[in-house]
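S.K.: Quick one: the structure is below, and I'll ask about it shortly.
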Amino acid sequence: MALEWSKELDRFRKMTQEQQLAWFSQLLFLLSMFARDTYEVGTDGVSKPRELRRFNEVLHRLASQQLKIAKADTARIPDDQMFKLLEEETSALAVDTRELLKRLL
């Protein structure tokens, strides 16, 4: 895992449940903003359907994880695996990691 993601994982693990939920809310919001880059400007069309679908799948997994945190469900994906998935997917989607991490709570 890249150093920037490792540091964020350490920070995340020190958060309270409420802080983790807020962190996930901010992450979901930011990723949905990055996903807008898949739209055709000025239309209802999509210029990058594969990327949009991939964003949707990532958002679905993250929202599921957020829900499990809210319910204190211990059967959730371990934090280190979730961060690895997040690092891989944001890289594949060409999300600016520095900008993303800078804007997280």
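S.K.: Net charge within 14 Å of T90 by Cβ-Cβ distance, Lys/Arg positive one each and Asp/Glu negative one each, not counting T90 itself?
M.R.: Taking every other residue near T90 into account, the sum is -4.
S.K.: Something else: Taking R0 as 35 Å, what FRET efficiency do you get between D73 and M1 from their Cβ-Cβ distance, rounded to the nearest 0.05?
M.R.: On the way: r = 24 Å, r/R0 = 0.68.
Efficiency, rounded to the nearest 0.05: 0.90.
S.K.: Pairing the Cα long axis of helix 3-13 with the longest principal axis of the chain, what angle in degrees results, from 0 to 90 and rounded to the nearest 10?
M.R.: Helix 3-13 and the main axis of the chain meet at about 50 degrees.
S.K.: While we're on this one: Which of N56, Q66, L100 sits closest to the plus end of the dipole of the chain, meaning its Cα is farthest towards the positive end, when Lys and Arg get +1 and Asp and Glu get -1 on the C-beta?
M.R.: Result: Q66, furthest along the dipole toward the positive end.
S.K.: Now for a separate question. Summing Lys, Arg as +1 and Asp, Glu as -1, what charge do residues with Cβ under 12 Å from the Cβ of S64 carry, S64 excluded? Mind showing how you got there, number by number?
M.R.: Values: positive: R61, K68, K71, R76; negative: E57, D73.
Net charge around S64: +2.
S.K.: So how far apart, in nm, are the two label points at Q81 and S32 if each is 7 Å from Cα heading toward Cβ?
M.R.: 2.7
S.K.: With the contact rule set at Cα under 8 Å and sequence spacing of 6 or more, what percent relative contact order holds for the chain?
M.R.: Taking the mean separation of contacting Cα pairs over the length of the chain, I get 36 percent.
S.K.: Angle check, please: helix 79-92 long axis (alpha carbons) against the longest principal axis of the chain (alpha carbons), in degrees 0 to 90, nearest 10.
M.R.: For helix 79-92, the angle is close to 20 degrees.
S.K.: Moving on to the next point. Give the lysines whose C-alpha is closer than 17 Å to that of K102, dropping any in the same chain fewer than 8 places away, or say none.
M.R.: K7
S.K.: Still on this model: Sum up the charges of everything whose Cβ sits under 15 Å from the Cβ of E40, counting Lys and Arg as +1 and Asp and Glu as -1, but leave E40 out.
M.R.: 0
S.K.: Can you give me the pair-distance distribution of segment 3-103, C-alpha pairs, 10 Å bins, whole percents?
M.R.: That works out to 14, 48, 29, 9, 1, in percent per bin.
S.K.: Between Y39 and residues 5 or more places away or on another chain, which pairs have amide H atoms under 5 Å apart, with H built 1.01 Å from N, and which residues are they?
M.R.: The list, which skips near neighbours in sequence, is S47.
S.K.: For segment 60-101, what does the alpha-carbon gyration tensor say about shape, rounded, prolate or oblate, given a ≥ b ≥ c as the root eigenvalues, a/c under 1.5 as rounded, and a/b over b/c as prolate?
M.R.: Taking the square roots of the gyration eigenvalues as a ≥ b ≥ c, segment 60-101 is prolate.
S.K.: Mind listing the phi-derived Karplus ³J(HN,Hα) values for segment 63-73, rounded to whole Hz, using 6.51, -1.76 and 1.60 with θ = phi - 60°, and x for any glycine or proline?
M.R.: Working through the residues one at a time gives 5, 5, 5, 4, 4, 5, 5, 4, 8, 6, 7 Hz.
Each reported figure results from applying straightforward, stated rules to the coordinates on display, with no laboratory input. As the structure is a computational prediction, the values presented were derived from the model and not from experiment. Note that each Cβ is placed from the backbone with ideal geometry, even for glycine, and that neighbours are counted across all protein chains shown.
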